[in-house]
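As structure tokens, the structure follows; a few thoughts come after it.
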Amino acid sequence: PIDFENEEQLKTDFAGFTHAFSCLGTTRSKSGKDGFYKIDHDYALNAARACKEAGIEHYSIVSSAGANKASRFLYTRAKGEVDSDVLGMGFPRVSVFRPAMLECRRDEARPLEKLASYALPLFKLAMPMSAAIPTSTLAWAMVINSFGKAETPATETFSNSDMLEKFQKAKK
């Protein structure tokens, strides 16, 4: 298991690699307010700092649609704070992926997500590129992007529709 509180060990774990993909995340209902912030903010930044020190050249991170470090909402504020800090770390290349609702099977009960899933088909009809993205498509978009060339230093942010378009183009 990875110890996200031990930055020295993290640096060793990431040494020798050129790319890193950060997909850390939990929910307040699963981990509480403090646990959520610790995982989605503190652990995410610990990993990013360790990657920077280990010489990672391209750091990709899953954030969230609406991420904003000035948000009044804990979730989007935490994601925005991490985005801002990671973008300021000086990686040669940073890719920030900001998905909308993630579509996937979950073992635990998430009543609000379950409720939203019933309305999701209607939202996807009205906004097919903005409402949601399957986690597998998000992962493929991240991988596809990692093989692409970018000007360095490069920072890039991908919206839900950007990821879906990238995936669709790669399938052709």
_Out of the trypsin sites (Lys or Arg not before Pro) in region 25-88, which ones are loop residues according to DSSP with at most 15 other C-beta atoms within 10 Å?_
Lys69, Arg72
*Within a Cβ distance under 12 Å of Lys79, other residues only, what is the Lys/Arg minus Asp/Glu net charge?*
-1
*Contour minus end-to-end for Ser71 and Ser84, with contour as 0.36 nm per residue of separation and end-to-end as the Cα-Cα distance?*
3.4 nm
*Charge dipole magnitude, Cβ of K and R +1, D and E -1 - region 11-88, Cα centre, debye nearest 20*: 360 debye
*Out of residues 5 or more away from Phe158 or on other chains, whose amide H comes under 5 Å of its own, with H placed 1.01 Å from N in the peptide plane?*
Val96, Phe97, Arg98
*Rounded, prolate or oblate: which fits region 23-101, taking a ≥ b ≥ c as square roots of the Cα gyration tensor eigenvalues, rounded meaning a/c under 1.5, else prolate when a/b beats b/c?*
prolate
*Cα-projected label distance for Asp13 with Asp162, points at 7 Å along beta-carbon direction, nm*: 2.7 nm
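Rule-based calculations on the coordinates, nothing more; no lab input. What you are looking at is a predicted structure, and each value in this text was computed from that prediction instead of being measured. Here Cβ is always computed from backbone atoms with ideal geometry, including for glycine, and neighbour counts include all displayed protein chains.
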